[in-house]
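This report refers to the structure that appears directly beneath it.
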There are 2 protein chains.
Amino acid sequence: MGTRKGNLMSVRADIKVLDCTIRDGGLCNNFDFTDDFVRELYKTNIKSGVDYMEFGYKASKTLFNESDYGKWKFCNEEDLRAIVGDNISDMKIAVMADVGRCDFRTDFLPKSESVIDMVRVACYIHQIPAAIEMIEYFHELGYETTCNIMAISQANSNQVEEALTMLSTSSVDVIYLVDSYGSLYPENAAALAKTYLSIAEPAGKKVGFHGHNNQNLAFANTVETMSYGISYLDATAQGMGRGAGNCAMELLLGFLKNPKYSLYSLLIFIEKYMIPLKESGVVWGYDLQYLFTGQLNRHPREAISFTENNRKDYCEFYKELLDND
Amino acid sequence: MGTRKGNLMSVRADIKVLDCTIRDGGLCNNFDFTDDFVRELYKTNIKSGVDYMEFGYKASKTLFNESDYGKWKFCNEEDLRAIVGDNISDMKIAVMADVGRCDFRTDFLPKSESVIDMVRVACYIHQIPAAIEMIEYFHELGYETTCNIMAISQANSNQVEEALTMLSTSSVDVIYLVDSYGSLYPENAAALAKTYLSIAEPAGKKVGFHGHNNQNLAFANTVETMSYGISYLDATAQGMGRGAGNCAMELLLGFLKNPKYSLYSLLIFIEKYMIPLKESGVVWGYDLQYLFTGQLNRHPREAISFTENNRKDYCEFYKELLDND
């Protein structure tokens, strides 16, 4: 533990790349993607060698009105199948289930009847018991599971170790380090990665990383944590994701040495779909307001609202943040 | 050697921050900054605690016609003094002199007659002997000197060690690791930093880092190399610099723990000067074409020309690059 795994010339066969463009990117456009967009991304990910594609959330239809959102907030089985058929590819299908915002006992089929392969359970650190209940349920249904502990930059180390210990005795397959606020510097991210691995690996669990780009560090933190043994890596086309966005898939695929990963297929998709999407007015990516919330280790909600209101008074906004810190 | 210096909570009193907005940013607008812009940046840097401000090049007037460029390609003493007077501040003034593109024996006053404090000699690794000749000349005139070895990602390790050994016995004060192509990953950058420090530190030299943002790693590589002991850190307002640009000063100042550095003064400058500059059509910053040349470890000239021609056919451009690799 604590030493680097492999080097910059070697192939790490344990690496799994997960595309979450529709899920995290859906937070930028209310999940309003055309079927054509999602289908082409699905085909692109297969050609690019991506290992998992996350299609969206399984959000509660009690809490959220289906007509208020695009379909990928709910990921109905028939909507998934309209894109992937029986998914005869080697790429696996993932969906996300938020603790407290998912009717998990009613909205999931047994794995044998679903094209979904993996359910990613997202929670804050104090929700670990609730997350584990869901994980055990999904595991019983036959799914691969992950636990994505969000906003880890605000948790204290005792909490982190306790959460990891609890997850180690659960049925979860992968534990994710999630830098929701884009606050971690590579040295922090590496230290957390080592903690995660030191507890998860002996228990036979894999560890993943999901970054945000508030300080232009999503890619750097991904490769840094990977170098210590993290193996599940989240990325999105052009970094599309909430606020400052995520690790860009094109950066990650260009970095990975395994020849199964192909950058060129993704470039075709970016040119044909992502650039027009940005030009149509969907907004994400690194900007000063996100840098501020990242540096201050805060939820990006105020920065998102600054962006939505087309504000450009960065200094005023910065003072507002300090004022209610 | 090889261990980290300080930690994320500590102040490193040896750190020197160098703003090279006018010099590297000048490559984006032909050095065509208004005096008002340069004067406000000068005042901003002083308020922000920046240690050095680089005003531009001392380019040869034999090779380059003064009327073809803004004045900061030449940095005449009277033009500098029109901005800084006698520079009564604590911030030092730097200029850059390129090997082979500078009439160094005619264009420099003795330090006692100039407001310039530091001359940064930029060269490729095969030009080290010529660089050392210039360094000794500037040292004799009374200036602090640096040697900025460009395009280090294309040099082999024997060359690097030989260059560092030669510089160690010269009068140079600071040796810069320069990732001209934005090709280095944090692990590469850290390994090079350790090599630089292992040879330079015992000889009493400081080491600096100058990054480019082709792979969104300029800031990450800056803090990574700093963590191993590099102490001279280049950055520019909003990352303004050739092609994909440099490490953004606002990221760096937000990271540094020394209370002498102030982010807020810089934000005022960015809002008032940098954002209008971008809106006026001056182009720099991370984009796919720079990612390609960074990944391929190549000079960004083709990507710059792709940008200047307003091309959007990224896939075609990528194939062109592979075709003449």
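Hey, got the average number of other protein chain Cβ atoms within 10 angstrom for residues in A:307-314?
1
How far, in nm to one decimal, is residue B:86 from itself in the other copies if the label point is set 7 angstrom along Cα toward Cβ? Shortest first, please.
8.7
Read phi for every residue in region B:25-39 and hand back ³J(HN,Hα) as whole Hz from Karplus 6.51 cos²θ - 1.76 cosθ + 1.60, θ = phi - 60°, with x for Gly and Pro.
My calculation for region B:25-39 gives x, x, 5, 8, 9, 6, 6, 8, 9, 6, 4, 4, 4, 5, 5 Hz in order.
Treating the point 7 Å from Cα along Cα-beta-carbon as the label, what are the nm separations from residue A:34 to the other copies, to one decimal?
Copy-to-copy label distances at residue A:34, shortest first: 4.4 nm.
What are the lysines whose alpha-carbon lies under 22 Å from the alpha-carbon of residue A:205, with same-chain residues fewer than 8 places away excluded?
Reachable lysines: A:5, A:16, A:92, A:111, A:194.
Taking the rotation that carries A onto B, look along its axis and tell me which residue of A has the beta carbon nearest to it, distance in whole angstrom.
Of all Cβ atoms in A, the one closest to the rotation axis yields A:220, 2.
State to the nearest 20 debye the size of the charge dipole of chain B about its Cα centre, where the only charges are +1 on K and R beta carbons and -1 on D and E beta carbons.
It works out to roughly 740 debye.
Using a/c under 1.5 as the rounded threshold, could you call chain A rounded, prolate or oblate? The axes a ≥ b ≥ c are square roots of the C-alpha gyration tensor eigenvalues, and prolate needs a/b larger than b/c, oblate otherwise.
It is rounded, given that a/c, with a ≥ b ≥ c, falls under 1.5.
Taking residue A:308 in one copy and the same position in all the others, each labelled 7 Å out along Cα→Cβ, what are the pairwise distances from the first, in nm, shortest first?
Here the equivalent label points are 4.3 nm apart from this one.
What net charge do the residues around residue A:8 carry, taking every other residue with its C-beta under 14 Å from that of residue A:8, with Lys and Arg at +1 and Asp and Glu at -1?
Cβ neighbours under 14 Å give a net charge of +1.
With runs of 4+ DSSP H residues as the only contributors, calculate the mean residue ellipticity of the protein assembly as shown at 222 nm using -39,500 (n - 2.57) per run, divided by the residue total and rounded to the nearest 500.
-11000 deg cm²/dmol
Restricting the count to DSSP beta bridges whose residues both fall in region A:16-279, what percent are antiparallel, rounded to a multiple of 5?
Expressed as a percentage, antiparallel bridges in region A:16-279 total about 0.
Suppose every Lys and Arg Cβ carries +1 and every Asp and Glu Cβ carries -1, with no other charges. What dipole size does the protein assembly as shown come out with about its Cα centre, to the nearest 20 debye?
Taking the Cα centre of the protein assembly as shown as origin, the dipole is about 760 debye.
Would you kindly state how much longer the chain becomes between residue A:43 and residue A:161 on full extension, computed as 0.36 nm times their sequence separation minus their alpha carbon distance, in nm to one decimal?
38.6 nm
Answer rounded, prolate or oblate for the protein assembly as shown, using the Cα gyration tensor with square roots of eigenvalues a ≥ b ≥ c: rounded when a/c is under 1.5, else prolate when a/b is larger than b/c, else oblate.
prolate
Looking at the square roots a ≥ b ≥ c of the eigenvalues of the Cα gyration tensor of region B:158-207, which shape do they give, rounded for a/c under 1.5, prolate if a/b is larger than b/c, or oblate?
Prolate.
Would you mind ranking A:44, A:146, A:165, A:236 so that the residue whose beta carbon has the fewest other beta carbons within 10 Å leads the list?
Fewest to most other Cβ atoms nearby, the residues stand as A:165, A:44, A:236, A:146.
Place the peptides A:213-224, B:27-38 in order of packing, highest mean first, counting for every residue the other Cβ atoms within 10 Å and averaging per peptide.
Per-residue Cβ counts within 10 Å, averaged per peptide and sorted highest first, yield A:213-224, B:27-38.
Using a cut-off of 15 Å between beta-carbons, work out the net charge of the residues near residue B:67 (Lys and Arg +1, Asp and Glu -1, residue B:67 not included).
-1
Where a number appears in this text, it was derived from the coordinates with a stated rule and is not lab data. Note that the structure is predicted; figures quoted are calculated from it, not measured. Here Cβ is always computed from backbone atoms with ideal geometry, including for glycine, and neighbour counts include all displayed protein chains.
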